[in-house]
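What follows is a single structure, written as structure tokens, with notes after it.
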Amino acid sequence: MLAKIESASGRLLEFPLSGSSRERSAPGLYVIFEGNYGVYYTASETELVLIRVLHSARDAAAIAERGGFAGREPTAEQEAEIQAVVDEVRKNFRQSKPER
């Protein structure tokens with residue numbers, strides 16, 4: 001199922017506004033459906049941001065009322081964790097590159 005969701009998300013790179021608008025839930029929010037899952041996202045000229053993947057059995061309206069579709073900036077702790085992962089990936093990439 002994850003591969004199907006990734007494939008559906010990949011199609012959004014070419015046609016970012018092809019999803020259904022969910023402006024009532026959050027400004028600029030769109031959704032596409034893949035099987036029993038809704039992929040909620042926002043799109044601009046320069047980026048596509050996946051906000052949430054939600055099973056259709058979940059109450060999307062209730063989640064929206066609680067702000068569950070609002071884009072949030074990461075906390076300082078989350079930023080540090082993200083940067084640590086990025087640094088580790090870069091390190092592993094440099095180590096795996098063959099010498100020329």
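Do any residues in segment 1-25 that are surrounded by 10 or more Cβ atoms within 10 Å (Cβ to Cβ) have Cβ atoms under 8 Å from those of residues that are modelled with pLDDT under 80 and aromatic (Phe, Trp, Tyr), where the two are at least six apart or on different chains, and which pairs are they?
Cβ pairs passing all conditions: ARG22/PHE69; SER25/PHE69.
Can we say SER44 is surrounded by 10 or more Cβ atoms within 10 Å (Cβ to Cβ), at pLDDT 75 or above and not acidic (Asp, Glu)?
no
Pull out all pairs, ordered by first then second residue, where Cβ-Cβ is under 9 Å, the residues are six or more apart or on different chains, the first lies in segment 28-43 and is under 14 Å from GLU6 (Cα atoms), and the second is among the charged types (D, E, K, R) and assigned to a strand (DSSP E or B).
Close Cβ pairs (under 9 Å, with a partner that is among the charged types (D, E, K, R) and assigned to a strand (DSSP E or B)) amount to GLY38/ARG52; VAL39/ARG52; TYR40/ARG52; TYR41/ARG52.
Out of curiosity, is GLY71 at pLDDT below 75, among the small types (Gly, Ala, Ser) and closer than 25 Å to LEU12 by Cβ?
yes
The values are calculated or read from the model by the stated rules, or taken from the named source; none is laboratory data. Because the structure is a prediction, the values reported are computed rather than measured. Cβ: placed from backbone, ideal geometry, glycine included. Neighbour counts: every protein chain shown.
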